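To start, the structure under review is shown below, and the notes come after it.
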Amino acid sequence: MAVKYNADGNTFILETRDTSYLMKVSRYGNLLHLYYGERIPDENLDYLIQVCDRGFSPNPNEAGNDRTFSLDYLAQEYSTDGKGDYRIPSIEVVNGDGSQIFSGKVSGYRIYKGKYALEGMPSLKAASRDTVDTLEIELRDKESGGTVILFYSVFEEKNIVTRTVRFVNNGSEAIRLEKLASVTMDFKDSDYDFIVFAGRHTMEREFTRIPVQSGVHSVGSSRGASSHQYNPFAIVCDGGAGEDHGRCFGYSLVYSGNFAIEAEKDQFKQLRINAGINPQDFSWTVNPGEQFQAPEAVLAFSGEGFARLSHLYHDIYRENLCRSPYAKKPRPVVINSWEAAYFDFDDTKLLGIAKQAVDMGVDLFVLDDGWFGKRDDDNSGLGDWKVNLKKLKRGISGLSEEIHALGLQFGIWIEPEMVSEDSELFRAHPDWCLKAPGRPMTRGRNQLVLDLSRQDVCDYLIEAVNGILHEAKIEYVKWDMNRSISDVWSGLLDAGRQGETLHRYILGLYHVMDEVILKHPEVIFCGCAGGGGRFDPAMLFYQPQIWCSDNTDAKNRLKIQYGTSFAYPINTIESHVSVCPNHQTGRYTPLKTRGIVSMDGILGYELDSTKLSEEEKAVCREQVKFYKKNYRLIAEGDYYRLASPYENPYFTAWQHVSKDKKKSLVSLVLTDKEGNDAQRYVKLKGLDREAMYRIEGQKGRYSGALLMNAGLPVPYELDEYESVSFCLRRI
Ligand code: DGJ
């Protein structure tokens, strides 16, 4: 059993193959955190609990005159509120009497085989061959009856611990939650860096490393979606940790809405991490007998740097997250109409693009925005999911038939969560959007957000989107979401419950996705929110792939995909070759490089294929062939970041290695060149040290040890933005 309770020490022990996680019930019933990290022998860790009399650190009543016990400095598994722990709390409540106190003491526990279930929210699922055990610990505040249940599921072989928290009101008065973190983790020291993935629209998930400083550092989203600005993933690591060395702790939230990840270095140089729903603008009233469920957090530990941490996340997210059968199947190479035509198309133009795409080896044609309602630009039409017959004379089904007749599959773009003021839907249901009474509304891309916290709106969306899917043969759907949410107010909630709206929106969205996406396992759904504005594990529960960014510039993509790769598997990152000058940056990069960068993800095209020369089409054809040949390696192999676009000014490089180490693909893009430049080398990773490898198209054989220590020379003839791939085969 991966979960044990040791009655002698009153200790809970979670063990994966390589990690240990320990907690202890204190003599007064508080649950203290003892240890998380590399697997350690079964030992008594009580010596780690330092108790002493600290100035201005209060002592709980049950400690009597013992001035050495204070929640102000003890490492806790889930903090109290208002009981003398002044660090960022795990929980904030308002009790029936107005007090803001929660003092959870261990009141029970349960250990069982298998994983806990989370209703209404995405979470990891155990596969049949996984050994998973679960621990539930109940922390009860006896005065209010409020009870926190901490859940831990231990994926023994995968070295993953998932956590979540449920709040149950066992009292007699309503309790208002103002915060309920999914995870708290106290460290007894703080010589760490905090790594977050910060960004903006068209420049998502930039690797950002901050040495932990005194005070609170908090990142998150208050935009209603997990956001372009911060990703619900953070790493705490040793100050000197790198790709292959140092201890790293990962915190990944399976949530698509407002989140916060907080790091506090306290007065005693200890660190607390919290992650969960963003407490800003959040509240939830839990009536007696009711409960509130926090989203899941996925924890991983690596004692060998970031690469190993990424492998742990990639493996579990590839195998235990996405419900689509496509998660484990090769994905079609798509051509998308957006950068090719924007809103300016008719069926003749689309068919022209599709026809040429056949010649490029593409599998699927995606019709992006602009095919429905009155949608000739982005000012109108959202909500009216009826085909625009002026553009598509034979409707969606007619176009789909014609695309299929060319030998391609067919896909479509939708943005169900939004409505334009200039639309039939808005005119019929002006109350269906988020908007506060008596206040002018705030527009974003000239559109409004439907109130998915309402069941009637969700019902309408389920019917509308399922209707589109039944109208024609559609094999792929790009599900977009193109604005940050503001003016949060829902017409169906009481004034005192408006703080619930955004979380209810996300629950409504999951419900719609349950009823649309999970009911159509034959369709590939691709997530999108203005590119990567909702690139999170919860979206990957429904959608096997996400449009990584609206930025298709190959150089910028190096950074975006580098950051994305820390938590997310390569076969979730949709990445397209577009034209030059690039539409976002104006930059020119070689077509070959655009292909190589797109293959660091799910390759696709986003260009007007009728404008490509025969020579360019031939290059694309080769790219598709190469990609398909190496698909399994790219999608399922271990991923190594060889040279960072942040640290290496000259080149960025990455590598895929098959699990059996027989095959590897190394890709490199030159990002700067100097006159009479130095000869540079790229050192490979993850190979079998003892084995010999051959590089396709080259003479010679090299040992894994040599390639990993001396490296391969970066071809001297490469010019700026040129690139190269090496395919290695073990002999
Ligand atoms: C934003 C997406 O990220 C783009 O790829 C495109 O689908 C547009 N929306 C369409 O409006």
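What follows is calculated from the coordinates using simple rules that are stated; it is not laboratory data. In this text the structure is predicted, and so the values were computed from the model without any measurement. Counting neighbours? That spans all protein chains shown, and the Cβs are built from the backbone with ideal geometry, glycine included.
So here's what we get for this one:
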read-out	value
Cysteines in the chain that, by Cβ-Cβ distance, have no pairing candidate under 4.7 Å	Cys52, Cys322, Cys433, Cys458, Cys526, Cys528, Cys548, Cys580, Cys620, Cys727
For region 130-258, diffusion coefficient by Stokes-Einstein and Kirkwood Rh (Cα), 37 °C, 0.692 mPa s, µm²/s	190
Mean Cβ count within 10 Å, highest first, over the residues of peptides 142-153, 542-553	542-553, 142-153
Farthest toward positive dipole pole in region 332-635 [+1 Lys/Arg, -1 Asp/Glu at C-beta], among Tyr505, Asn446, Val362	Val362
Helix 455-471 axis, angle to the chain major axis (alpha carbon atoms, nearest 10°)	30
Cα-based helix-to-principal-axis angle, 305-320 vs the chain, degrees rounded to 10	80
Footprinting exposure proxy for His33, His470 (fewest neighbouring C-beta atoms within 10 Å first)	His470, His33
Relative contact order, percent, region 640-730 [alpha-carbon distance under 8 Å, six or more residues apart]	32
Two-site FRET efficiency, Arg427 against Ser128, from Cβ-Cβ distance with R₀ of 45 Å, rounded to 0.05	0.30
Summed residue charge, Cβ within 12 Å of Cys237's Cβ, Lys/Arg positive, Asp/Glu negative	-2
Sparsely packed GluC sites (Glu not before Pro) within region 478-575, loop by DSSP, other Cβ within 10 Å at most 11	Glu522
Point-charge dipole on Cβ atoms (K/R +1, D/E -1) for the chain, about Cα centre, debye to 20	1680
Theoretical FRET efficiency, 1/(1+(r/R0)^6), r = Cβ-Cβ of Ser107 and Val216, R0 41 Å, to 0.05	0.85
Cα-based equivalent ellipsoid of the chain: semi-axis lengths in Å, sorted from largest, via gyration tensor	44, 35, 20
Burial ranking of peptide ranges 302-309, 385-392 (average Cβ count within 10 Å, highest at the top)	302-309, 385-392
For q = 0.11, 0.14, 0.17 Å⁻¹, Debye-computed log10 I/I(0) when each Cα of region 586-731 counts as one equal scatterer	-0.43, -0.70, -1.01
Set of aspartates and glutamates near Lys473 by C-alpha distance (under 13 Å), chain-local residues within fewer than 8 positions excluded	Glu401, Glu402, Glu522
Likely footprinting exposure, Cys458, Cys620, fewest C-beta neighbours within 10 Å first	Cys458, Cys620
Cα-based Rg of region 126-182 normalised by 2.2 N^0.38 Å, two decimals	1.44
Cβ-based exposure ranking for Tyr605, Tyr510, Tyr255, Tyr681, in which fewest neighbours within 10 Å come first	Tyr681, Tyr510, Tyr255, Tyr605
Gain on full stretching of the segment that runs from Ala678 to Ile40 - 0.36 nm per residue minus C-alpha separation	225.1 nm
Translational D in µm²/s for region 332-635 (Stokes-Einstein at 4 °C, 1.567 mPa s, Kirkwood Rh from C-alpha pairs)	65
FRET E, pair Arg730, Lys625, Förster distance 22 Å, beta-carbon r, rounded to 0.05	0.45
Listed pairs Lys115/Lys661; Lys555/Lys592; Lys329/Lys625 exceeding 22 Å between Cα atoms	Lys115/Lys661
Pair Lys662, Glu471: separation of 7 Å Cα→Cβ label points (nm)	4.8
Estimated vicinal HN-Hα couplings, Hz - region 480-490 in sequence order (Karplus 6.51, -1.76, 1.60; Gly, Pro = x)	9, 7, 10, 7, 7, 7, 9, 6, 6, 6, 10
